[in-house]
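Here is the structure we will look at, set down as structure tokens.
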Amino acid sequence: MATTLMRNTAPREHPGRFYGFMTLVTACAVVGAVAVTAYGGAPDGGWFSAPFAFWLTAGLALVAELRPTRWGGLWMSPIASMYLVYVLATMVTWGFLPALIVQSGAILLLSMQIGSNGWRTVFNISQQGVALILAWLVWNAVDGGAAWNASLAQLLAVLAAGTVWTLTSSSLVATRQALRMGGGWGDLFGQWIRSEWALRATQIAIAPILATAAMTSWWLVAASAIPIFSVYRILQAAADREKEADHDPLTGLLNRKGFQEVVDGKLADGAETGTAVAVLILDLDRFADVNSALGHEVGDRLLVELSRRFTADKPPGKAIARLGGDEFAFVWSELDGMTDPLECAREIRARLDAPIVLGDASLEVDGSVGIAVFPDDGADFQTLFRHADIAMYESKQRASMFARYAPEFDHHSPEQLLLLGDVRRALDHPDAPGVNLFYQPQVRLVDGEVIGAEALLRYHHPERGVVNPAEIIETAEHSSVMRMLTERVVDIALRQLRTWNEAGYHLRMAVNVSVRDLQSPEFTDFLTDRIDAYGVDAEKLQLEITESALMADPRRVVVNVQRLSDLGVGISLDDFGTGFSSMQHLRRLPVTEIKIDKSFVTTLIDDPDNAAIVSTTIDLGRALDVEVVAEGVEDEKVRKQLEGWGCHAGQGWHFAKPMSADAFERWMAEHRKDR
């Protein structure tokens, strides 16, 4: 049989009906049990006259529940239990009341083992009591209540009684679930039928064998326990395999799948008790540096040691998971109004304070924590998990230890989420239309020579038409779609760069990269592979990075930018002057170019302050031997002033607007003629 723990966390649809149903089932169980007992369900001769085989059967039913096995993966968390075999055998040999007592005792023991609360325990005793009453009535209707003689008629009667017990119990549980959380009763009941029919059929088929053994000799009861518990061991092995699917093999913690199942259960409990549930996500800082410098084996040992710290002195209601890489997730349940969820984050952070000693190495570990709390920040796992991830990212951007989710952190409206899905579908296939690049020339000011082009994203939506690139970046930046988008842009840009080189245009290509790209050490490996695949010179590729990207995780980004520079790729500091630490970045990074933001360039003729900023930046670039490119050159006056100050190159509508690859080549041909 299977005792069920609810895991769906949607709001309860019918609270009045739910509690009314629970009360009705309990009342029916009590009244039915009294009635059946009064009309022939009690054992003949009293309890003390029962043979030893009965006590052995009852004892084995309880022993079977000393180590409950969780299995299955539906809307309930089934407990693979063997006591149904003993309950049915007891019913057909010694009567209803002994079977009811054995069943209730087994359920109570099982509930204690798995930590069920009071109302679940009462309901399970009651609903299975109702199931046993109907099974007893079927048994008597088919067989007439004769003593057990293992006839074919009695065998069929046991099978019928067991089937009724099973269908009744599952119907009542499905009804409870439908009333408690909403959903179709037929769908819930059908899920059970598909998942558990084989187990139930096996248990019902074994019951007549056990009954025959019990009426013959107590030692046959003992011997029959061997095949029965062999079935249990098979279920245990299946549960162990399922546990492996729900756990991280390195640390032994839950993985995302297992974490979701645990959180769903805690959210259901929180909805019942009116308490809060906190979901937290921790992302370690500079973990890639450990792998790069000390090797993946040391990195794995670091993760294992962190897992040990996180699980040490774990309080009730807390579960921990490793999501993969250097991300961990935590859930705290049963938080009352006096408990600050931020205290949960502080406890996680406290586990990172002491250095981790691995052999001769002492490693300092830091990280950012994002928090989302049920019910304020979301009512289901997916929402809470996404909001905790957004809060973690916000914490990382702020360089703070932790942050709780706030709506202003979330830039994803329903429309943006739909757009994100459309962009992902456009990126799923290399040749799928929609994502493309336009190119804006970069011109050397001293002689008008075109030295390169900046690749600018364009996305044509099948219904909305051309979508603003800023909206695409804002939507994709906090998801894995950003990586896919960058890889597509790099592929298109390098392919076009090769085409231009083959056509005799020896240009460089500037490509914008995101925060996620700069935080990932795999990005350098990807770029190396693509440069080799297209056969272009790495020095012809210029990566444009913004100060906001550098501020997200400065140390990790600096390491990866240095690797990119070692590859031979040029590094351009984009939107220079709009941040708060430009000078520091010039000192720390292998920058080959500064791009002055167009907000300063466009108005430099009429705004003395902007003119001073631009001219000073050009002088600074010359002193540091770094090329300076001015964005937003929109007229000849600005171009001449920049040339007079010694600016290396310019980019803007004065030269050309962004255009397709074909239009760019036509413009290049005309530009050469004019020169």
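The values are calculated or read from the model by the stated rules, or taken from the named source; none is laboratory data. Note that the structure is a prediction, hence the values are computed from the model and not measured. Because the Cβ atoms are built from the backbone with ideal geometry, glycine has one as well, and the counts that use them run over all protein chains shown. These accessible areas exclude ligands, DNA and RNA; they are computed on the full protein's heavy atoms, side chains included. Shrake-Rupley method; radii C 1.70, N 1.55, O 1.52, S 1.80 Å.
Out of ASP246, ASP264, ASP283, one residue alone is among the acidic types (Asp, Glu), closer than 30 Å to ARG301 by Cβ and either surrounded by fewer than 15 Cβ atoms within 10 Å (Cβ to Cβ) or at pLDDT 80 or above (or both). It is ASP283.
Figure legend. Inter-residue proximity from region 318-332: first residues touching a residue at least 24 places away in the same chain (Cβ under 8 Å) and surrounded by fewer than 21 Cβ atoms within 10 Å (Cβ to Cβ), second residues among the basic types (Lys, Arg) and outside any strand (DSSP E or B), beta-carbon distance below 7 Å, spacing 6+ or different chains. Indicated pairs: LEU323/ARG256. Taking first residues from region 355-382 that are closer than 20 Å to CYS344 by Cβ and partners that are among the acidic types (Asp, Glu) and in a strand (DSSP E or B), the Cβ contacts under 6 Å between residues at least 6 apart in sequence or on separate chains come to GLY367/ASP283; SER368/ASP283.
The set of residues from region 15-32 being modelled with pLDDT under 85 and farther than 13 Å from VAL173 by Cα comprises PRO15, GLY16, ARG17, TYR19, GLY20.
For region 589-621, the tally of residues that are in contact with a Leu (Cβ under 8 Å, 6 or more places away or on another chain) and among the acidic types (Asp, Glu) stands at 1. Do you know which of the residues in region 546-573 that are modelled with pLDDT of 85 or more and outside any helix (DSSP H, G or I) is farthest from ALA623 (Cα to Cα)? Restricting to residues being modelled with pLDDT of 85 or more and outside any helix (DSSP H, G or I), the top hit is LEU567. The single condition from (1) part of a strand (DSSP E or B); (2) open to solvent by 20 Å² or more (accessible area, probe 1.4 Å) that LEU342 fails is (1).
Screening region 588-675 for helices (runs of 4 or more DSSP H) wholly inside it with 3 or more residues that are farther than 25 Å from LEU543 by Cβ and at pLDDT below 90 returns the ranges 661-674. Regarding ALA663, is this residue among the hydrophobic types (A, V, I, L, M, F, W, C) and either open to solvent by 30 Å² or more (accessible area, probe 1.4 Å) or without any contact (Cβ under 8 Å) to a residue 12 or more places away in the chain (or both)? Against the criterion (among the hydrophobic types (A, V, I, L, M, F, W, C) and either open to solvent by 30 Å² or more (accessible area, probe 1.4 Å) or without any contact (Cβ under 8 Å) to a residue 12 or more places away in the chain (or both)), ALA663 qualifies. A residue that is at pLDDT 85 or above, of a type in the set (Gly, Ala, Ser) and within 26 Å of GLN519 (Cβ to Cβ) occurs nowhere in region 431-451.
Applying a threshold of 8 Å to beta carbon distances and a minimum spacing of six or more residues, or different chains, the list of pairs starting in region 620-631 at a residue that is more than 14 Å from THR592 (Cβ to Cβ) and ending at one that is of a type in the set (D, E, K, R) and part of a loop (DSSP other than H, G, I, E, B) reads GLU631/ASP597. Among the strands (runs of 3 or more DSSP E) lying completely within region 382-468, list those that include at least 2 residues that are open to solvent by less than 30 Å² (accessible area, probe 1.4 Å) and within 20 Å of LEU494 (Cα to Cα). Answer list for region 382-468: 435-444, 450-461.
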